[in-house]
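The values are calculated or read from the model by the stated rules, or taken from the named source; none is laboratory data. Worth saying up front: this structure is predicted, and the values here are computed from it rather than measured. Here Cβ is always computed from backbone atoms with ideal geometry, including for glycine, and neighbour counts include all displayed protein chains.
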Amino acid sequence: MTFKYNNVYLNETSTVTGPVEKDGPLKGYFDKTYEDMYFGEKSFELGEVKLVKDALVLLLRKSGLLKNEIDLVVGGDLLNQIIASTYGTSGVGNSFIGVYGACSSSVLGMIIAANFIEGEFINNAIVEVSSHNSSSEKQFRNPVEYGAPKQDSCTFTSTGAAACLLSNERSNVRVDCATLGKIVDYEQSNVNDMGRVMAPAVYETLKSHFEETGRKPDYYDLILSGDLGKFGKEIIVDYMRTNGYDLENYNDCGVMLYDLEKQKEVRAGGSGPVCSALVSYGYIFEQLKKKKLNKVLVVATGALFSPTSIHQGQDINSIAHAISLEAI
């Protein structure tokens, strides 16, 4: 399902990261970085809440808006009951919607906010997402203190928080359209190979987007997937080529966020809700403002599973949502 927008703009963004992201190739595009994984708090989970609060403070400061001038906040993360978002956004905005799209939450949140703005129900909205490598590993796989070995196909849950302000106030970046994805099950169950799990969802969403808009891949200067990593990136290129689409203008946020040669700890690349948001709200937003890029399609990806479903041997479902951003 694709939505066309006529009066939705991306006005401002903010990005906060941990130490690994700070050492990556996009470090110059982050607003704030930290040297440790606790961020001055007593636990990883509280540290993630701190990241969300930081991102919101920075966004409000950059936009010149007050907390009570925000009509809606849409937030999501990976923690149970999305507690990083609920605790981190408390006191900001007049309404809140919590979303769980896993690693696709940033674009899902933008779509929800854009629909409210285009429908003239609200004037503005903040979308925020976060993730934390240590809190995610503890919840979904093994606590990092266990020192469990990782496969080369593993992606590295990114640590950080990112927020953006959407509104009906004209700016130099417009939200052009968006395509909601559907749940996809290609009978994959390896929690250590998320690129293979999520690549089919990217294919399904891109196929729907091109069919429903009548566009071809070369309409965009850049097409970005969320966090497939280097192996998932290869898979989606092959998928698309086999079905008649050449993605010569394609990259993956999980590959862009880190130096895969030097930062060996990230293995196949980045993942987590904040992975695609750090790239798109940081680097991509700046490129659009400067008109070094004019049309970008961001396809955030998510693996829809829980620790319980994995332990019970169920398949990992996946989903992808796409949003088109244009410089004006």
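When the range 26-50 is examined, which residues are found to be farther than 22 Å from Ser90 by Cα and loosely packed, with under 14 Cβ neighbours inside 10 Å?
Step one: of the range 26-50, the residues farther than 22 Å from Ser90 by Cα are 26-30, 33-37.
Within the range 26-50, Lys27, Gly28, Glu35, Asp36 qualify.
Can you tell me which residue in the range 26-80 is nearest to Val255 (Cα to Cα), limited to those that are basic (Lys, Arg) and either assigned to a helix (DSSP H, G or I) or not assigned by TED's automatic domain parsing to the domain that holds Glu137 (or both)?
Lys27
Which residues, counting only those in the range 86-112, are over 24 Å from Met198 (Cα atoms) and either of a type in the set (Gly, Ala, Ser) or assigned to a helix (DSSP H, G or I) (or both)?
Of everything in the range 86-112, those that are over 24 Å from Met198 (Cα atoms) and either of a type in the set (Gly, Ala, Ser) or assigned to a helix (DSSP H, G or I) (or both) turn out to be Thr86, Tyr87, Gly88, Ser90, Gly91, Gly93, Ser95.
Does the range 211-219 contain at least one residue that is within 30 Å of Asp31 (Cα to Cα) and either at pLDDT 95 or above or surrounded by fewer than 24 Cβ atoms within 10 Å (Cβ to Cβ) (or both)? Steps first, answer last, please.
Let us first name the residues in the range 211-219 that are within 30 Å of Asp31 (Cα to Cα), namely none.
No, the conditions are met nowhere in the range 211-219.
Of everything in the range 281-302, what is out of contact with any Cys (no Cβ under 7 Å at 6 or more places or on another chain) and under 23 Å from Thr159 (Cβ atoms)? Give them in sequence order.
Gly282, Tyr283, Ile284, Phe285, Glu286, Val298, Val299, listed by residue number.
Can you pull out the residues in the range 274-328 that are in contact with a Gly (Cβ under 6 Å, 6 or more places away or on another chain) and either outside any strand (DSSP E or B) or among the β-branched types (Val, Ile, Thr) (or both)?
Scanning the range 274-328 gives Val274, Cys275, Ser276, Leu278, Thr301, Ile319.
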